[in-house]
1. Quick check: net charge around PHE278, other residues with Cβ under 15 Å of its Cβ, Lys/Arg +1 and Asp/Glu -1?
2. Straight-line reach from LYS176: which lysines have a Cα under 29 Å away, not including same-chain ones fewer than 8 places off?
3. Would you calculate, for the chain, the mean residue ellipticity at 222 nm contributed by helices, counting each DSSP H stretch of 4 or more residues as -39,500 (n - 2.57) and dividing by all residues, to the nearest 500?
4. Would you work out which of PHE165, TRP60, TYR187 lies farthest towards the positive end of the dipole of the chain, given +1 charges on the beta-carbon of Lys and Arg and -1 on that of Asp and Glu, about the Cα centre?
5. So how far apart, in nm, are the two label points at ASN299 and GLU255 if each is 7 Å from Cα heading toward Cβ?
6. Let me check I've understood the local charge: for LEU111, count other residues with C-beta under 14 angstrom from its C-beta, Lys and Arg +1, Asp and Glu -1. What total comes out?
7. Round to a whole number: what % of the accessible area of the chain belongs to carbon and sulfur, probe 1.4 Å?
8. Students often forget the sequence filter, so: which lysines lie under 24 Å Cα-Cα from LYS297 once same-chain residues fewer than 8 apart are removed?
Amino acid sequence: MKSPLLSLPGAVPAEGADEGVAAHYGDLFREQRELAAGRAFVDLSHRGVLTVTGPDRLSWLHLLLTQHVSELPPQQAVEALVLSPNGHVEHALYLVDDGTTTWAHVEPGTLPALVEYLERMKFMYRVEITDATGQFAVVHLPAGSTAPITGAAAVRELPYGRDLFLPRAELAELAKGFGSPAGSWAYEALRIEGHRPRLGFETDHRTIPHEVDWLATAVHLNKGCYRGQETVARVHNLGKPPRRLVFLHLDGTEEVLPPHGSEIRLASEGPQSRPLGFVTSSARHHELGPVALALVKRNVPVDAVLLAGSVPATQDVVVAP
């Protein structure tokens, strides 16, 4: 779904997973600085929007999700996952309930499969599931933004900003009051800096929540049964996830960023050595320079210099080994 904000001056369309919104508006580092200062906004209207209504919505979602939502207070934002029976991450939802409706946004392209799963799990519960992507769009305002949020159907308040659910037909008009636009490249750079995992980037078909630090934000360890809980409890009690997320400071002399999937190796063993993981996301940060997130084997030494593709990199611990 192509965003009307692509008509703004300087907008360059994004490709891949973020197709449909702007990658940047002509000045990547200025956009990052404005975003970090709370004077910009990010168009996330390519993300899927889900609504769940009905008197059983929270108790029903509580049975399906990794998060404790049965008594979720209105306006409290949470993250939640849907796991496979073996505990692998299948979906990531960014939720808020307004007292009558539960709102969520999800990664582009993932909503049809999520809706299909939820519909199969309705049984006799009094819930109504709606793909509301055609009616509502998501815009992100960073922490410190003083932009008015009138017109938003729902708002997720976060430590790093706000996610607004806006009427899609009014997106272009409402965005005029949000400050200067920042593209997906700027948003990704700050996401990587914040060590925030993204489904399909920091995850693959084998990912469990422990590996990417989703235990801290998207999993409630003291709630009742849900699909995949056995794996979550077992790995949490053992304390040994097979892989761990790391933040990489990349060698700034290299002109090319290692793309998603670039293999990680020990620099001391050279580019022909055994792969120990892969790059999940990379970006150019306005202060830190080139940075990345990567998934590596748990036993990779935390002080080891790595090769991300062909780029030397030092690591900061995100998930402790």
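The values are calculated or read from the model by the stated rules, or taken from the named source; none is laboratory data. These numbers were taken from a predicted model, which means no experiment stands behind them. Cβ sites come from the backbone with ideal geometry, for glycine too, and all protein chains shown count toward neighbours. When the accessible area is computed, the model is the full protein with side chains, heavy atoms only, and any ligands, DNA or RNA have been set aside. Shrake-Rupley method; radii C 1.70, N 1.55, O 1.52, S 1.80 Å.
1. Values: positive: ARG198, ARG206, ARG243, ARG244, ARG265, ARG274, LYS297, ARG298; negative: GLU202, ASP204, GLU211, GLU263.
Combined, the nearby Lys, Arg, Asp and Glu give +4.
2. Cα-Cα hits under 29 Å: LYS2.
3. Values: 6 runs with 52 residues, N = 321.
It comes out at -4500 deg cm²/dmol, rounded to the nearest 500.
4. Of PHE165, TRP60, TYR187, it is TRP60.
5. Those two pseudo-labels are separated by 4.0 nm.
6. Working: positive: ARG47; negative: GLU90, GLU107, GLU116, GLU119, ASP131.
Net local charge, LEU111 excluded: -4.
7. On the way: 7580 of 13970 Å².
The computed percentage sits at 54.
8. List returned: LYS240.
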